[in-house]
1. For residues that are under 16 Å from S104 (Cβ atoms) and out of contact with any helix residue (DSSP H, G or I) (no Cβ under 7 Å at 6 or more places or on another chain), scanning just the stretch 127-147, find the one that is surrounded by the most Cβ atoms within 10 Å (Cβ to Cβ).
2. Taking only pairs six or more apart or across chains, which ones have beta-carbon atoms under 8 Å, a first residue in the stretch 264-280 that is closer than 17 Å to T245 by Cα, and a second residue that is of a type in the set (V, I, T) and at pLDDT below 80?
3. Give the residues of the stretch 2-37 that are more than 18 Å from D160 (Cβ to Cβ) and either out of contact with any strand residue (DSSP E or B) (no Cβ under 9 Å at 6 or more places or on another chain) or crowded, with 21+ Cβ neighbours inside 10 Å (or both), sorted by residue number.
4. Right, L56: surrounded by 13 or more Cβ atoms within 10 Å (Cβ to Cβ) and either in contact with a Gly (Cβ under 7 Å, 6 or more places away or on another chain) or at pLDDT 95 or above (or both) or not?
5. Starting from the stretch 158-179, keep only residues that are outside the structural domain of A124 (by TED's automatic domain parsing) and within 11 Å of I194 (Cα to Cα), then list their pairs with residues that are among the charged types (D, E, K, R) and at pLDDT 85 or above whose Cβ atoms are within a distance under 9 Å, requiring at least 6 positions of separation or different chains.
6. Pairs only if they're at least six apart or on different chains, beta carbon under 8 angstrom, first in the stretch 194-211 and under 19 Å from S7 (Cα atoms), second assigned to a helix (DSSP H, G or I) and among the basic types (K, R); list them, first residue then second.
Amino acid sequence: MSEPIISVREVWFRYSKHQEWVLKGVSLDVFRGEFIGIIGETGAGKTTLAKHLNGLLKPAKGVVLVFGKDTRKTPTSKLARYVGYLFQNPDSQIYSATIRDELSVSLRKLGFRDSEIEERIKWALDGVDLRKPLDMSPHILSFGERHRLAIATLLAVKPDVFVLDEPFAGIDYKRSLQLLQVFKELTNRGHTVILITHDLQLLAELATRVVFMRGGSILRDSKPEDVIGDVEFLQEHNYTPLQVTVIGAGIGLGRLIRVLDLVKELEKRLQLQASLSTPSRCCRDPLPQQPYNTSTAPLLISLAAQGLSL
C-alpha cells in the first residue's frame, strides 16, 4: 500500500484546558484518490478533526502530518496549497468585492497566468452550476449560491485534498449529486475528498470509505457497506438506516446500500425463480420453487427510477 498523504496519530484536542476533550486519541490515515465520508452525531468531533487536516487547529497531544509536514510547525498558509477546506458557513470564507476576485485571489497568489485563471474560473463555476455576472458582489447571492461559490473557489485551486464540511447546506439534491460527481471525477484523477455529511445516501453512491465518530473517537473506519450498511450498528447509534439497506437485509441480500445494486440482486432472484418455475424438457414436474417475496419488486424498481432520474 502507498504511503498516506495525511497521517493523524493519537491526536487529543480541547478548545481550552477548562473544557472536556473534543478529540480523544484519534488516529487516521488518508490516501491519495480516496473519497472518505465522515459521519456521526452532533458533537462527535467531526469538524474538529477536519480542521486538524490543514492546520486550522493544532493537536494538544499527538501529531498530524500533511504530505510529511508537521502541522504544529508548518504555517496554515503553506498547508492550504495541499489541503483545501470548505467551512459549514460560506460567509466564513467569502471576503472579496466581486465573484471574479473571490475566485481569482488564491490563483494569483499561486502564480497562475491570467489565461489559466480565466479557464479555471469557468470550469469551477460550471462545476457548481453558478451562472452570475463575474462583477457581481458575492454578498448579494443567496445562501445556497454563496455556498456554491465557496465550493467553486476550492475547485479552481484544485488542491490535492478537499475537506468539505457539510457542503450541501442550502443546495438542492440534484445539484448536490452533480457536485459529488465533480468531486468523484477528481478522485479518479488522484485527488482526495473528505466529506462530512449526515446524508447517508450520498455517501452510499460515491464514498470508498466511511468513518463513524462518536464522543471524540472513531468507532468504525471501513468500506461503506460495513458502516452505513450495518443496520444494527446505525440503529444502536441513533442513525436511521437507508431504506434500501433495510429492504435488502429483510430479504436476505446482505449489506446493500445502493439502489441499483439492490435492483440487480432482485433481478437475479427473479430470474432464478423463473428458471426454477419452468419445467424441464426431460421432466414433467417442475422443480421446487425457492421462497421469495416478490411484493418488494415494484418498490425497488420505483426507488431505482428515482435514483436514475436525479
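The values are calculated or read from the model by the stated rules, or taken from the named source; none is laboratory data. The shown structure was predicted, so the numbers you read here are calculated from the model rather than taken from an experiment. Don't worry about glycine lacking a Cβ; one is built from the backbone with ideal geometry, like all the others, and counts go over all protein chains shown.
1. Top of the filtered list is S137.
2. L266/T296
3. V11, F13, Y15, S16, K17, H18, Q19, E20, L23, V26, G37
4. yes
5. From residues that are outside the structural domain of A124 (by TED's automatic domain parsing) and within 11 Å of I194 (Cα to Cα), there are no pairs.
6. As it stands, the answer is I196/K46, since those pairs meet every condition given.
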